[in-house]
Each structure stands twice: as structure tokens, then as C-alpha cells.
1. Does Ile40 meet the test of being within 9 Å of the chain's Cα centre (by Cα) and more than 14 Å from the ligand (Cβ to nearest atom)?
2. Which residues, taken from region 73-83, are surrounded by fewer than 19 Cβ atoms within 10 Å (Cβ to Cβ) and hydrophobic (A, V, I, L, M, F, W, C)?
3. Could you list, in sequence order, all residues of region 1-37 that are more than 9 Å from the ligand (Cβ to nearest atom), exposed (fewer than 12 other Cβ atoms within 10 Å of the Cβ) and part of a loop (DSSP other than H, G, I, E, B)?
4. Please find, within region 14-39, the residue that is nearest to Lys49 (Cα to Cα) out of those that are touching a Leu at 6+ places or on another chain (Cβ under 7 Å) and in contact (Cβ under 8 Å) with a residue 12 or more places away in the chain.
5. Look at region 43-71 and say how many of its residues are within 11 Å of the ligand (Cβ to nearest atom) and not aromatic (Phe, Trp, Tyr).
6. Which of the residues belonging to region 38-72 are open to solvent by less than 40 Å² (accessible area, probe 1.4 Å) and in contact with a Cys (Cβ under 9 Å, 6 or more places away or on another chain)?
Amino acid sequence: MSGHIPLRMCMACREMKPKSELIRMVKTNGEVAIDTGFRIQSRGAYVCKSCKCISLLKKKKCIERFFGGGGSDKVYADLMKYVEN
Ligand SMILES: [Zn+2]
């Protein structure tokens, strides 16, 4: 039934989920930021909208590895704020 929904993989738990359940991140000007509107045309990384996955993402340094740097405490703090809202 949901075959037409494009799935993306969460970098933390490696589960495939619909985009609506994930947060997209992109690297622009050397810094990784949340792409809230899925608008930025760039290679994106995804994580579930869950504190558990974001904590795991930070622990495994997934952002740094995916983008080759650009991860910062601010990105993780922004992600946490995003899911808490
Ligand atoms: Zn996840």
C-alpha cells in the first residue's frame, strides 16, 4: 500500500522510513544544518525524529562521517530542539 512513498535511511538506526518521519540535514558553506523544508538541493543525510536516534547519531559521529566534517554540538542541539518541539 505504501510502495509509492519514497523511503530514506536513518543514519543512526539504519531503518528505512518515509521522509515525513525523518529530519533531513545538508551541508552548506561547510556547516551542517537542518533542511526543514526538504528544499535544499544537496546531498542529504537523514535521522529519525527521535531523541534516541539523535543521541546515537552523536555517539557514532554519523554526521562527521557522512559529510566528512561539519558536524558540531550546535547541529545536535538543533536536532534535539527540533524533535522536542
Ligand atoms: Zn533512526
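The values are calculated or read from the model by the stated rules, or taken from the named source; none is laboratory data. The shown structure was predicted, so the numbers you read here are calculated from the model rather than taken from an experiment. As a convention, Cβ positions derive from the backbone with ideal geometry for all residues, glycine included, and neighbour counts pool all protein chains shown. Ligands, DNA and RNA are stripped out before the accessible areas are found, and what is left, the full protein with its side chains, is counted by its heavy atoms. Shrake-Rupley method; radii C 1.70, N 1.55, O 1.52, S 1.80 Å.
1. no
2. Listed by number, the residues that qualify are Ala77, Met80, Val83.
3. Residues satisfying the conditions are Met1, Ser2, Gly3, His4, Ile5, Pro6, Asn29, Gly30, Thr36, Gly37.
4. Looking at the filtered set, the residue picked out is Ile23.
5. Going through region 43-71 one residue at a time, the tally reaches 12.
6. Ala45, Tyr46, Val47, Cys48, Ser50, Cys53, Ile54, Leu57, Gly71, listed by residue number.
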